[in-house]
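Read-outs: derived from the displayed coordinates by stated rules, not from any lab. Worth saying up front: this structure is predicted, and the values here are computed from it rather than measured. Methodologically, a virtual Cβ is constructed for each residue, glycine included, from the backbone with ideal geometry; neighbour enumeration extends over all protein chains shown.
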């Protein structure tokens with residue numbers, strides 16, 4: 001790879017892996033959890049909370065990408081991706097997880 005990181009938010013990648021976390025097929029592959037909620041936080045506040053929760057101050061995952069409305073993390077054999085979008089006075093927060101499902105659900109409860 002020439003220094004560039006893969007885009008965790010690539011819709012084609014997300015759609016192809018959009019199985020529920022607990023589903024494990026005959027191949028032994030564990031799927032990806034997709035979970036969403038609405039919050040009163042702004043998108044920027046939701047991403048900042050995610051950076052603290054999953055990043056160096058929290059679960060110590062490596063930050064693989066960050067914008068005002070999205071962030072990606074990897075570590076411990078898995079990944080977490082979050083997007084946040086303002087809509088009608090609230091923010092839609094969507095997370096994708098591989099191997100960090102419990103922590104993602106914990107984060108959802110935190111921002112809800």
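Tabulated data
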quantity: Ratio of the Cα radius of gyration of the range 28-75 to 2.2 N^0.38 Å, where N counts its residues; calculated: 1.26
quantity: Cα point-scatterer Debye curve for the range 33-111, base-10 log of I(q)/I(0) at q = 0.12, 0.19, 0.24 Å⁻¹; calculated: -0.27, -0.68, -1.10
quantity: Residues 51, 33, sorted so that the one with the fewest Cβ neighbours within 10 Å comes first; calculated: 51, 33
